[in-house]
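This report refers to the structure that appears directly beneath it.
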Amino acid sequence: MIQFINVTKVYDKAHKEAVGVEDINFKIEPGEFISLVGKSGAGKSTIIKLLIGEERPTKGRVMFGDYEVNKIKSADISKLRRQIGIVFQDFKLLMGKTAYENVAFALEAAGRPQSEIEEFVPQVLDMVGLSHKKFNFPHELSGGEKQRVAIARAMVHNPAVIVADEPTGNLDDINTDEIIKLLMRINELGTTVILATHNKNVVNNIGKRVISLVDGRVVRDEPKGKYIIM
């Protein structure tokens, strides 16, 4: 379970305080699909950074399973992040590596044995429908295919949670639809999915829980919500 308890994050930008989020409270149960919505600057990225331990709250508590993220030791951050797969808008692929090598690198960096790499990488590439492109380099892939590689890389550790931060921001409507369907299929297999987006059509078509942010505050939290931002 993920829980934000009275969380406020204030950034000190050249000694001029800026509020990232203010008095945030919500729970996410295992297996949920959450759309985290709001305009640019609403606090979506701050929540993600707090969840993965990239930022610490000014006050409040961030819980992820047995971890109290705001108190986690630096040595344990990597263990936490192996339980959270992250997908970004700009893919963040290694351009000099093939699709297979990009996914394998995530396991290599964690010190996993070659036998596991050879077993797991083909499995996740098959899951995202890219077995036939495993030897292709990023410049040989479409935008949608690059994002599928990024999702495969995020899934290779079999994380409890996938955080997708504007994963369709650089994609056309067809590829956007395919990526959202893939995330929903991953969710159906039991993985919690947190989708941060400002794409109204995507959110309204999903029909799952929506947490809406305005100026760093939660203004709506609806089990089958719509994108409604004033």
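Around the amide H of Gly31, modelled in the peptide plane, lie the amide H atoms of Thr192, all under 5 Å away and 5 or more residues distant in sequence or on another chain.
For the chain, state the semi-axes of the equivalent ellipsoid (square roots of 5 times the eigenvalues of the alpha-carbon gyration tensor), sorted largest first and rounded to whole angstrom. Don't skip to the answer; put the middle values down first.
Working: eigenvalues 170, 88, 51 Å².
After scaling each eigenvalue by five and taking roots: 29, 21, 16 Å.
Region 74-130 has equivalent-ellipsoid semi-axes of 19, 16, 12 Å, by the square roots of 5 times the alpha carbon gyration tensor eigenvalues, sorted largest first. With Cα atoms as the point set, the radius of gyration and Dmax of region 90-226 evaluate to 15.9, 48 Å. By the beta-carbon count within 10 Å of each Cβ, the least crowded to most crowded order of Leu171, Leu189, Leu195, Leu50, fewest first, is Leu189, Leu171, Leu50, Leu195. Computed from backbone phi with θ = phi - 60° and the Karplus coefficients 6.51, -1.76 and 1.60, the 3J(HN,Hα) list for region 129-141 is x, 10, 4, 7, 10, 5, 9, 8, 8, x, 5, 9, 10 Hz; x is used for glycine and proline. Report, as a whole number in µm² per second, the diffusion coefficient that Stokes-Einstein gives for region 174-230 at 4 °C and 1.567 mPa s using the Kirkwood radius over alpha carbon pairs. This corresponds to a translational diffusion coefficient of 107 µm²/s. Straight Cα distances below 19 angstrom link Lys97 to the lysines Lys133, Lys134, Lys146, with same-chain residues fewer than 8 positions distant left out. In this Cβ point-charge picture (+1 for Lys and Arg, -1 for Asp and Glu), region 19-169 has a dipole of about 320 debye about its Cα centre.
Provide, as a two-decimal number, the C-alpha radius of gyration of region 43-105 over 2.2 N^0.38 Å, N being how many residues it has.
On the way: Rg = 14.2 Å, N = 63, 2.2 N^0.38 = 10.6 Å.
That ratio works out to 1.33.
Taken together, the values in this text are just the output of simple stated rules run on the coordinates, not laboratory data. None of these values were measured; they are calculated from a predicted model. Glycine also receives a Cβ, built like all others from the backbone with ideal geometry; neighbour counts cover every protein chain displayed.
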